[in-house]
Amino acid sequence: MKDFDFDVLLSRVLKPARYTNGEWNAVHKDRAAARVRVALVYPDVYEVGMSHLGLQILYHVLNSHPDFLAERAFSPWPDMEAELRSRGLPLTSLESRTPLREFDVVGITLPYELTYSNVLNVLDIAGIPIRAAERGENDPLVIGGGPGAVNPEPMAEFFDGILVGEGEEAIVEIAEAATAPRRAEKLERLAEIAGVYVPSRYEAVHEGAGPRGAVLPRNGAPERIERRVVEDLDAAPFPTRQLVPFLETVHSRVTLEIMRGCARGCHFCQAGATCRPVRTRSLETLLRQAEEAVAATGHDEISLLAFTSVDHRDIRELAAKLVERFGSRGIGISLPSLRADAFSVELANTIQRVRKTGLTFAPEAATDRLRRVLGKQLAEHDLFAAAEAAFASGWNRLKLYFMIGLPTETDEDVAAIGDLMQRLARFGRGVMEGKQGRLRIGISVSAFVPKPHTPFQWVGQDRREELARKQAILQQTLRGHHLKLSWTDAGTSALEAAISRGDRRVGRAIEAAWRAGARFDSWGEHFDFARWERAFSEAGLRMEDYANAALGYDDRLAWDHVSCGVRKEALRAKVEAALTEGET
Amino acid sequence: MAQFVCRYRKGPEVRWISHLDLKRTIERAMRRAELPLELTQGHNPHPKMSFGPPLPMGATGEAELLAFHLAQAADPAQVKERLDNQLPPGLEIGEVWLAPPQKKKETFGEVDLAEYLITVTGQVSAEQVRSRVKELLEAGELMVHRGGERPEREVDLRPLIQSLDVVQAGDDEVVLRARLKTGSHGGARPQEVVQFLGLERDDCLIGYHRTGVYASAEATAPKSRGVWRRWSRSRGGPGRGGT
């Protein structure tokens with residue numbers, strides 16, 4: 001594309017800096033010298049994708065390798081998509097503005113079900129056939145990976161390979177596989193990589209409606225795909241020269257991954273259930289990485305990333321040392337994941353002496369009984385102790401996350417959210433004597449989504465009408481000063497559940513929805529539930545068979561060929577124990 | 001404690017960066033350069049910095065203005081070098097000089113004039129553009145509606161346009177020079193001038209380049225009437241002289 005044409009495009013779209021590149025720490029390698037060229041794609045808008053650590057890790061690993069090159073691409077916002085399509089221009093990488101179809105590998109993150117329509121859209125704007133079976137010798141290998149890969153079936157027909165699990169090591173093996181001369185050999189080599197699922201080598205067998213069935217290997221492919229795990233996190237490559245976007249992104253800060261995995265095992269949580277074992281980075285490594293990353297980026301905030309950062313064995317010392325070294329330079333430390341207890345608040349006090357933003361807790365349910373069903377290790381007095389410590393030390397904004405539609409949930413459990421929050425607000429007013437006016441409690445309520453590989457994978461989601469009824473209960477009971485209620489759209493949660501527990505047939509519905517115009521489904525203004533309902537019925541499917549149906553413990557499930565390290569019997573034992581617990 | 005004023009270039013590589021994003025970009029570059037930035041007091045400390053009038057999105061600038069405080073005195077030449085090493089391609093420091101110690105916080109309040117080169121690429125006739133310019137300059141008033149501002153209002157652009165000339169005319173390129181009022185007391189945007197000239201067309205690409213910003217009070221002072229000066233010169237800094 002000539003500069004003139006590119007400038008015309010930029011002059012017509014919102015936030016043109018999404019497409020211009022040149023950010024600090026962007027890597028521009030010699031394309032001709034690279035043996036394998038990889039385009040790393042995040043299927044959402046630039047500001048979201050640039051906040052994703054996984055993309056930065058893979059970018060760093062590939063570009064550190066002498067033979068490989070990686071460039072980035074993101075979903076163009078609809079205004080840019082319209083400009084590209086009306087001119088017949090293909091989607092290009094940011095760094096060298098090369099069309100994606102001229103890369104050897106196009107790697108696309110599967111962060112979350114509602115980005116799947118964007119995945120098809122990116123391929124299509126790039127001029128790459130969306131179905132793997134229609135790709136030829138001149139098309140790139142299209143590889144998926146990320147959290148969504150633990151149930152690869154809904155996207156199976158669109159990918160040449162899907163990596164289940166962690167990518168630091170596998171990405172190098174995948175790039176090597178792409179050096180094979182012909183497509184058939186590339187696929188063969190891909191299939192030999194631990195953790196890589198090559199869908200064309202498997203046949204999906206369906207047993208009635210919904211995700212019951214099996215995915216069976218053809219001529220010698222392995223029966224099960226074992227989730228890829230990096231054994232030594234401390235030694236694993238980590239980018240300290242993190243990209244520094246010009247645009248304000250979702251998270252404009254240094255990210256330090258202090259820990260991977262979660263020891264808590266809440267029964268609904270897919271991230272916790274699939275990302276095992278728990279591994280931590282050492283204090284020395286983290287302090288070194290913090291120094292390097294601050295020097296290389298100039299950010300004024302360091303975020304300590306983990307599912308529950310307070311569970312890191314050296315968290316107290318790490319926090320103290322970081323504050324000691326960076327506080328005087330005006331660089332703040334933040335913890336994205338706190339437990340609701342006094343220790344967490346004490347820790348937050350240590351690190352947030354510089355900046356006092358709000359504190360966030362996730363009790364998930366409002367009664368001790370329901371929390372026990374969830375496997376959530378939190379008692380009500382812990383929550384109050386945390387709140388007391390927070391209010392007493394000057395925090396005046398709290399945010400709390402809850403879910404509705406949980407297994408064994410009654411209307412009383414839902415109403416208890418309102419009651420608990422009112423008690424918390426009264427308690428806060430008492431503690432914050434003289435400053436009560438500043439108290440703000442935000443309550444964010446989402447709907448439970450059953451996810452593969454979790455103990456709750458067999459449980460059906462509440463129907464949308466039922467969720468709407470429970471939301472109405474919330475609205476009636478959750479009233480009062482200082483309280484602000486928000487919830488996620490029930491239609492969005494229904495689609496998330498239907499794709500999350502989807503089988504290979506659901507891919508047809510995703511394609512139909514995309515053809516009917518679905519884009520950016522995680523952005524409320526672009527989401528159209530009726531369009532998705534039509535798409536499912538066009539594919540001969542019903543969303544409720546995937547989202548709402550309870551599955552049998554003895555059913556074969558569409559994702560059973562993927563193993564995340566926990567046996568199905570163990571998941572079953574947990575859910576049975578949880579449901580029994582719910583009766584007491 | 002020392003205040004520095006600097007002039008920087010915003011090149012084509014970064015012309016799509018908004019003013020707010022540019023601020024953050026320079027802040028981060030300063031931290032990477034390990035300059036001892038002086039921070040504001042309070043809950044959310046941030047470096048003490050101020051900028052001259054913002055460039056419109058998509059425009060490049062030759063001599064933009066920035067002032068910042070460092071906690072310690074430093075050699076301006078070294079400050080420039082350290083900062084230049086940490087700026088992304090397209091951003092470049094022209095000069096850095098020390099503000100007079102009595103100056104509390106430089107806010108560039110006196111800056112009220114800006115000169116732009118407007119390049120129109122596409123099928124345009126220079127003759128047509130010239131006659132439109134003539135019409136525009138002869139008009140008694142040029143009312144423009146500003147919907148983006150609150151309250152919405154009508155503004156007369158004519159007194160805000162100090163001069164407008166065609167300085168270069170080729171086959172598919174016409175370059176205009178516009179000297180426009182700017183700053184907090186009201187200003188004209190170069191895009192508004194282009195709109196009045198009828199050049200906002202699908203087949204035209206418009207490039208905006210700001211050559212400098214000025215303080216007219218000083219430029220029109222008795223001794224230097226009619227002389228356009230670089231801002232730095234009028235502040236007693238190492239200026240490059242008038243245009």
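The values are calculated or read from the model by the stated rules, or taken from the named source; none is laboratory data. As the structure is a computational prediction, the values presented were derived from the model and not from experiment. Cβ placement follows ideal geometry from the backbone for every residue including glycine, while neighbour counts extend to all protein chains displayed.
Summary table below
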item: Criterion: under 30 Å from residue A:447 (Cα atoms) and more than 14 Å from every other protein chain (Cβ to nearest Cβ) - qualifying residue of A:285, A:280, A:255, A:350; result: A:255
item: Output for region A:234-268, where each listed residue is closer than 30 Å to residue A:21 by Cα, aliphatic (A, V, I, L, M) and buried (at least 21 other Cβ atoms within 10 Å of the Cβ); result: A:244, A:247, A:254, A:256, A:258
item: Selection status of residue A:26, within 14 Å of chain B (Cβ to nearest Cβ), in a helix (DSSP H, G or I) and under 29 Å from the mean Cα position of the chain (by Cα); result: no
item: Residue check, residue A:173 acidic (Asp, Glu), assigned to a loop (DSSP other than H, G, I, E, B), at pLDDT 95 or above and within 24 Å of residue A:236 (Cβ to Cβ); result: no
item: Residues of region A:73-91 satisfying the condition of being free of Cβ contacts under 8 Å to residues at least 40 places away in the same chain and surrounded by fewer than 23 Cβ atoms within 10 Å (Cβ to Cβ); result: A:82, A:86, A:88, A:90
item: Count of region B:1-32 residues which are facing chain A (nearest Cβ under 8 Å) and assigned to a loop (DSSP other than H, G, I, E, B); result: 3
item: Residue identified as more than 19 Å from residue B:16 (Cβ to Cβ) and acidic (Asp, Glu) among A:83, A:113; result: A:113
item: Count of region B:33-60 residues which are assigned to a strand (DSSP E or B) and among the hydroxyl-bearing types (Ser, Thr, Tyr); result: 2
item: Contacts under 6 angstrom Cβ, first residue in region B:25-36 being within 12 Å of residue B:84 (Cα to Cα), partner surrounded by fewer than 22 Cβ atoms within 10 Å (Cβ to Cβ) and among the polar types (S, T, N, Q), 6 or more apart; result: B:29/B:86; B:32/B:86; B:33/B:86
item: Selection within region B:39-58 - touching a residue at least 12 places away in the same chain (Cβ under 8 Å) and within 11 Å of another protein chain (Cβ to nearest Cβ); result: B:46, B:47, B:57, B:58
item: Some residue of region A:429-436 being under 24 Å from residue A:529 (Cβ atoms), surrounded by fewer than 20 Cβ atoms within 10 Å (Cβ to Cβ) and in contact (Cβ under 8 Å) with a residue 24 or more places away in the chain; result: no
item: Pairs, first touching a residue at least 12 places away in the same chain (Cβ under 8 Å) in region A:137-154, second in a helix (DSSP H, G or I) and charged (D, E, K, R), C-beta under 6 Å, six or more apart; result: A:137/A:183; A:141/A:186
item: Enumeration of residues in region A:348-365 that are at pLDDT below 90 and charged (D, E, K, R); result: A:353, A:355, A:356
item: Cross-chain or 6+ apart pairs with Cβ under 6 Å, region A:394-422 first and at pLDDT 95 or above and of a type in the set (Asp, Glu), then in a loop (DSSP other than H, G, I, E, B) and crowded, with 18+ Cβ neighbours inside 10 Å; result: A:413/A:367
item: Output for region B:61-94, where each listed residue is assigned to a strand (DSSP E or B), farther than 18 Å from residue B:111 by Cα and either out of contact with any Leu (no Cβ under 6 Å at 6 or more places or on another chain) or within 14 Å of chain A (Cβ to nearest Cβ) (or both); result: B:69, B:70, B:91, B:92, B:94
item: Residue in region B:97-115 that is in contact with a Gly (Cβ under 9 Å, 6 or more places away or on another chain), within 14 Å of another protein chain (Cβ to nearest Cβ) and in contact (Cβ under 8 Å) with a residue 24 or more places away in the chain present; result: no
item: Exclusive hit being acidic (Asp, Glu), out of contact with any Cys (no Cβ under 7 Å at 6 or more places or on another chain) and closer than 19 Å to residue A:447 by Cα, set A:503, A:545, A:554; result: A:545
item: In region A:461-490, the residues that are under 14 Å from residue A:543 (Cβ atoms) and surrounded by 21 or more Cβ atoms within 10 Å (Cβ to Cβ); result: A:461, A:462, A:467, A:490
item: Residue A:368 being modelled with pLDDT of 85 or more, more than 24 Å from the chain's Cα centre (by Cα), surrounded by fewer than 22 Cβ atoms within 10 Å (Cβ to Cβ) and closer than 16 Å to residue A:578 by Cα; result: yes
item: Some residue of region A:391-410 being over 27 Å from the mean Cα position of the chain (by Cα), within 14 Å of another protein chain (Cβ to nearest Cβ) and surrounded by 20 or more Cβ atoms within 10 Å (Cβ to Cβ); result: yes
item: Tally, over region A:288-309, of residues that are more than 8 Å from every other protein chain (Cβ to nearest Cβ) and either modelled with pLDDT under 95 or part of a strand (DSSP E or B) (or both); result: 9
item: Breaking point among (1) without any contact (Cβ under 8 Å) to a residue 24 or more places away in the chain; (2) under 25 Å from residue A:45 (Cβ atoms); (3) outside any loop (DSSP other than H, G, I, E, B), for residue A:129; result: (3)
item: Leading residue by the ranking (surrounded by the fewest Cβ atoms within 10 Å (Cβ to Cβ)) among those in region A:561-584 that are modelled with pLDDT of 95 or more and acidic (Asp, Glu); result: A:569
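Rundown of residues vs (1) in contact with a Lys or Arg (Cβ under 6 Å, 6 or more places away or on another chain); (2) assigned by TED's automatic domain parsing to the domain that holds residue B:166; (3) among the basic types (Lys, Arg), yes/no style:
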position	(1), (2), (3)
B:88	no, no, no
B:105	no, no, yes
B:135	no, yes, no
B:140	no, yes, no
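Okay, residues lined up against (1) assigned to a helix (DSSP H, G or I); (2) surrounded by 16 or more Cβ atoms within 10 Å (Cβ to Cβ):
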{"residue": "A:492", "(1), (2)": "yes, yes"}
{"residue": "A:502", "(1), (2)": "no, yes"}
{"residue": "A:511", "(1), (2)": "yes, yes"}
{"residue": "A:514", "(1), (2)": "yes, yes"}
{"residue": "A:525", "(1), (2)": "yes, no"}
{"residue": "A:536", "(1), (2)": "yes, yes"}
{"residue": "A:559", "(1), (2)": "no, yes"}
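Residue-wise test of (1) touching a Cys at 6+ places or on another chain (Cβ under 9 Å); (2) of a type in the set (Asp, Glu); (3) in contact (Cβ under 8 Å) with a residue 12 or more places away in the chain.
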position: A:278; (1), (2), (3): yes, no, yes
position: A:284; (1), (2), (3): no, yes, no
position: A:350; (1), (2), (3): no, no, yes
position: A:366; (1), (2), (3): no, no, yes
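Residues checked against (1) assigned by TED's automatic domain parsing to the domain that holds residue A:448; (2) out of contact with any Asp or Glu (no Cβ under 8 Å at 6 or more places or on another chain):
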{"site": "A:208", "(1), (2)": "no, yes"}
{"site": "A:230", "(1), (2)": "no, no"}
{"site": "A:240", "(1), (2)": "no, no"}
{"site": "A:264", "(1), (2)": "yes, no"}
{"site": "A:269", "(1), (2)": "yes, yes"}
